[in-house]
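Here the structure is laid out as structure tokens; the discussion comes afterwards.
The values are calculated or read from the model by the stated rules, or taken from the named source; none is laboratory data. Keep in mind it's a predicted model, so treat the numbers as computed, not measured. Here the Cβ positions follow ideal geometry from the backbone for every residue, glycine too, while neighbour counts run over all protein chains shown.
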Amino acid sequence: MTTENRSLYSQLPATDRLLRDPLFSPLLTRFGHSRVVDILRQLLDEAREAIRENHMLPDWCDDWLNAASERLALDEQSALRPVFNLSGTVLHSNLGRALQSEAAIEAVAQVMRSPVTLEYDLDGAGRGHRDRALAALLCRITGAEDACIVNNNAAAVLLMLAATAPGKEVVVSRGELVEIGGAFRIPDVMRQAGCILHEIGTTNRTHPKDYRNAVNENTGLLMKVHTSNYSIQGFTTSVDEATLAELGRELDIPVVADLGSGTLVDLSEYGLPKEPTPQEMIAAGVSLVSFSGDKLLGGPQAGIIVGKRELIARIQQHPLKRALRVDKMTLAALDATLRLYLHPEKLRESLPTLRLLTRPAEEITAQAERLLPLLAERYPEFDVRLAPCESQIGSGSLPVNRLPGAALTLTPRDGRGSRLDALAAQWRALPVPIIGRIGDGSLWLDLRCLEDESRFLEMVLK
Ligand SMILES: *Cc1c(COP(=O)(O)O)cnc(C)c1O
């Protein structure tokens, strides 16, 4: 050990002395003795390493109280950090998909605080059925006979297949053998559910006769899967749900549909591209329809199955239902979200997903114009510009349709890509991190989802 290092080591305080220091007592009260000791040991280790490696004390050694406070505050941060989603994807799966409505947030808080009639029938003082109240609401909105709610749409598809066609063949067009991302692929789910996949048609063309020819004594279901994250264009044909439902009735085989995203309104009325709705499927005679709660519907993560009473009864009784059921918080959020659909005139205001998807391009552009000079002044090493952009809906909804809006782009004046990465990293390290997108040598901030402008400015002008 060099003499120089020895004198540096001797400047390190003893943990005991720091803990006895009255200045540390608020920290001890707030975080507890053992956590403060842990953090101090960690800091001391780092200081010793800095002496060993660099023959110097780290800067923060001037103020151990401040260093410990900062470290403890960092340690206190939740694993789920709120961020600004300026990525250009509204329903971003990695950022938690749909933002919940105020009504849903209040409803969740309420059921968290209080015992609730989750499986308790107030009339008979007996045990009710967990999905009962929501099933009535879902039937009212979709026209179905009954409903079942599970953890997500992947679970809904698995359960729907396992409960209604165990050991049987399920007929699906080759154009609809979807992979959603993660490990959700229709052929794999089929196997896990104990069903036998019977592929028909070709990637681009499937006809009614393909379904008819595939049917045999072991056919359990005819299935449609919505191609929600891709589109097949050109020389194509597929069999729509109404035609398939008619065929199913004729052959006495249930027809099921995985709708993917589950919008409950005609999106074209809001100036958005049309997506099929569960109510249209039910009206067309489809026996069971499944969809997500947190895609276009704008509610919590959930999988919803609506359809025929006797098929839903089989699903409710299947052991997997118990494994895949949702908790009271999900049910409360979903209940509050569905109730917003009973007042469609207010939906654009009350449902954040719809509000963000329908934000007019002019409004986003005006916001960009307001923010541009402030960012340009704060980041002189970047050329800050307003650029028209097209946001994505996300989560495999309406894959080919884009929403016109506006972005701010920051381009390094010296053309160095490392500056972009550094800026992106700096923004990710903010108390409320800003998530943008790097493309074409610039950092893009798509402003479609920027609602709390003053908090954003607080972060970005820091
Ligand atoms: C998104 C999607 C799923 C999976 O839904 P999750 O709610 O994410 O589990 C399944 N099928 C289709 C067609 C989808 O679009």
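When the test is whether a residue is more than 24 Å from the chain's Cα centre (by Cα) and either of a type in the set (D, E, K, R) or within 24 Å of residue 105 (Cα to Cα) (or both), residue 345 passes it.
Looking at 146, 131, which is the one that is under 23 Å from the mean Cα position of the chain (by Cα), surrounded by 15 or more Cβ atoms within 10 Å (Cβ to Cβ) and not polar (S, T, N, Q)? Criteria check complete, one pass: 131. No other residue among 286, 265 is more than 13 Å from the ligand (Cβ to nearest atom) and buried (at least 24 other Cβ atoms within 10 Å of the Cβ) apart from 286. Here segment 144-192 is the region considered, the condition is being within 14 Å of the ligand (Cβ to nearest atom) and of a type in the set (Gly, Ala, Ser), and the residue that is modelled with the lowest pLDDT is 182. The residue of segment 313-341 that is nearest to residue 108 (Cα to Cα), among those that are more than 18 Å from the chain's Cα centre (by Cα) and part of a loop (DSSP other than H, G, I, E, B), is 341.
Identify the residue in segment 132-143 that is within 20 Å of residue 295 (Cα to Cα) and of a type outside the set (A, V, I, L, M) and, among all such residues, is farthest from the ligand (Cβ to nearest atom).
139
For segment 161-197, a residue qualifies if it is under 17 Å from residue 231 (Cα atoms) and in a helix (DSSP H, G or I), and the qualifying residues are 174, 175, 176, 186. Checking each residue in segment 57-113 for being among the charged types (D, E, K, R) and in a loop (DSSP other than H, G, I, E, B) picks out 63, 81, 97. The residue list 247, 221 contains one member that is away from the ligand (no atom under 16 Å from the Cβ), among the hydrophobic types (A, V, I, L, M, F, W, C), modelled with pLDDT of 95 or more and touching a strand residue (DSSP E or B) at 6+ places or on another chain (Cβ under 9 Å), which is 247. Assess whether residue 256 counts as being in a loop (DSSP other than H, G, I, E, B) and touching a residue at least 12 places away in the same chain (Cβ under 8 Å). Considered against the rule, which asks whether it is in a loop (DSSP other than H, G, I, E, B) and touching a residue at least 12 places away in the same chain (Cβ under 8 Å), residue 256 comes out as no. Whether any residue in segment 359-371 is farther than 30 Å from residue 462 by Cβ, of a type in the set (A, V, I, L, M) and outside the structural domain of residue 181 (by the TED database) is what I want to check. Within segment 359-371, none of the residues are farther than 30 Å from residue 462 by Cβ, of a type in the set (A, V, I, L, M) and outside the structural domain of residue 181 (by the TED database).
Evaluated against (1) surrounded by 11 or more Cβ atoms within 10 Å (Cβ to Cβ); (2) closer than 22 Å to residue 5 by Cα, residue 54 falls short on exactly one condition, (1).
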